[in-house]
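For reference, the structure discussed in these notes is given below.
Quick note: the coordinates plus some simple rules give every number you see, no bench work behind them. As the structure is a prediction and not an experimental result, all values here were calculated from the model. Heads up, the Cβs are rebuilt from the backbone with ideal geometry, glycines too, and the neighbour counts pull from every protein chain shown.
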């Protein structure tokens, strides 16, 4: 593990099929855009280290498949995630409407309740917008999520989305510190045995 | 006997005439194929986190993705899984698979598919077998099922042969095959002359194996396997020229070794083999190499290694002299006080014992030396794949365990040592027990490294009396190697003296999770287990220090194919009972070991990368793949 990396964070990207989850990820990690990107099978996985406020964080990003036939697999990835990016397409109202289903799923499968959520309205470069920015903002406020509009194609807001999410996670110490402490316990289990430190994270949950 | 019903359903499947079936794996929905591959990937990363195994894991996953006809696009994700990223969720994936409509609640189809995949190249890598066992247990399929599948694979050979001769459409293939047959026949005959059984089965079976694989794998796979190349690789599975292990002749006197041959213990054939190594010979019942292994039923194809009979006989006689005489009683008495405190090395040896020391010291010294040489020689035989491309399990007691120790040590220094050895079982091993000497074995052994020790084995501590106090002897104490493979089994209750390793082999084998012949255990229960010491080997019980047996996951309970509607009875019920009995009979002379005691903690977390509950493993780099 790199010395200067503060922590490793697990980020999950979810949302309806075709809203541009993989494109957002690709823009963020490789800074490329492919208009013909094939549908994701199962899940895609990328690692990227970013620096926020001088803190380096390693992001393990899980890009799930939006297609219905892979829906059964999605729950496997929620476990242990510290951040979730919920994506919708501003040019397709149906993807916005279905956000409620995704939130339900999130609630069902997530192992922690202080997880940081972010709502991203993608494809703002397109002309035929169907969902207004304010609608998105309102929805995000209602469910206490971060909100940003972005375009994977023009690179608008992509970097910002990830950075803000990470910043917020780092500002929520119980979230990633407990993870770190857990690891500490794992590594030095012999001396600490069932160290009280591990429960710190859970206490804050309570 | 639920497990026994299965084969009858399965058999027809396996023997359908060149079934026009896709491998089961490909019939699954894409999402489930993904889950299947992901499950394998994550399991691989948990089982083999060592960097030297990563190329195997990566290749395996690449092959599996292709086999399942998954898109290339998932490859990076699968590789990430296999290299330890995203370690959570095996249970989720397993659950998803269990719900699949095509499996119809019979997850053993996955086992079957994975087995077919693992065998398709004609190599059965020990790591692949460990993975198959692991997945099988994750899917809650009894491991007997895997035996049955492996057996079906072989059984179907015979049937296929008959069918093939009847079917007209196969005539073209037949002609093609016949040419090869002739060749195999020649090889076969050559080895029959040498009086070898495996020569016939190993070599001649090759074309059959290919045909059998076809029915199991389905027509698509059959096309590949039926080709000349396919047959050639299937041959490799059973040993190159067909002569196999029994055909092996020591060409020249190697080093200090005078005798080195493999004797078949069983007549059957299997996709994995077991080699048993005897530690000493004695007059009477234990004068042959195979005598202690009558109960061993780990595989249908088992051999025992005959080595240096002359010296082992000398040693055995010396052991009996010492252990049957007055000295034994004296030593036992002395032990009562020391063994409980665990400071065996500090034992002050009685004068009467020291006076007979010369009886044992000489043959012991000679055998120590020879066993190391034999071990190295065995390593090279295994490395050259005389046994075929199949996983090998090594079981040995006393100096036989020492042979294994040196075999592993030698293999670890060679290239291509991975994927050959599945499990090793060392019982009462007169070898260094410092974990740092066992460290390299992680590379060589895919499954379990079992160290069976007895704190009450005064003979071992006696022969090591001259060495420094710090010396840790593996046969006397647990080896504290931090690895999922390492399992220490305290046999103190069963093994009162060194000679018991041969006499109570059946109980010991059960205790360490090696399958024994059905019937031994039950018979034992009928006999009074009270006269613990000098009895027939199968006298006592199905017992063991039950508490020491780690949970029976994929790696632990190896299936032994074979003989039966058997082993339906789980070992547990008998355990407790027997422990109680043993306890009574033994009195307090030996330390109680039922509870997994601190130092002897069994490191057995085959299931997860590093569950918090497994303290001994937590320090190792290996099992925490997800951390970096």
Under a point spin-label approximation (7 Å from Cα along Cα-to-Cβ), what is the residue A:29-residue A:50 distance to one decimal in nm? 1.4 nm
Under 20 °C and 1.002 mPa s, how fast does the stretch A:5-175 diffuse according to Stokes-Einstein, given a Kirkwood radius computed over C-alpha pairs? Answer in µm²/s, whole number. 135 µm²/s
For residue B:59 and residue B:95, extending 7 Å from Cα along the Cα-Cβ vector and measuring point to point gives, in nm, a value of 3.6 nm
Taking other Cβ within 10 Å of each residue's Cβ, how do A:32, A:91 sort, fewest first? A:32, A:91
What full-extension length gain, to one decimal in nm, is calculated for residue A:93 and residue A:143 as 0.36 nm per residue of separation minus the Cα-Cα distance? 16.2 nm
For each of B:272, B:437, count neighbouring Cβ atoms within 10 Å of the residue's Cβ, then give the residues from fewest to most. B:437, B:272
Residue mean of other protein chain beta carbons inside 10 Å, A:36-44: 5
Mean shadow area of the stretch B:24-141, taken as a quarter of the surface of its Cα convex hull (nm²): 6.2 nm²
Distance in nm between pseudo-label sites at residue A:154 and residue B:369 (7 Å out along the Cβ direction from Cα): 8.6 nm
Over the whole of B:266-277, what's the average partner chain Cβ count within 10 Å per residue? Rounded to a whole number, please. 0
Considering every residue in A:112-125, what mean count of other chain Cβ atoms within 10 Å of its Cβ is obtained? 0
Using 1/(1 + (r/R0)^6) with R0 = 60 angstrom and r between the beta carbons of residue B:267 and residue B:75, what's the FRET efficiency to the nearest 0.05? 0.85
Pop the C-beta distance of residue B:294 and residue A:100 into the FRET formula with R0 = 51 Å and round what comes out to the nearest 0.05. 0.15
Taking B:102, B:514, A:14 and counting other C-beta atoms within 10 Å, the order from fewest to most: B:102, A:14, B:514
Relative contact order for the stretch B:24-141: what is it in percent, counting Cα pairs under 8 Å that are at least 6 residues apart? 32 percent
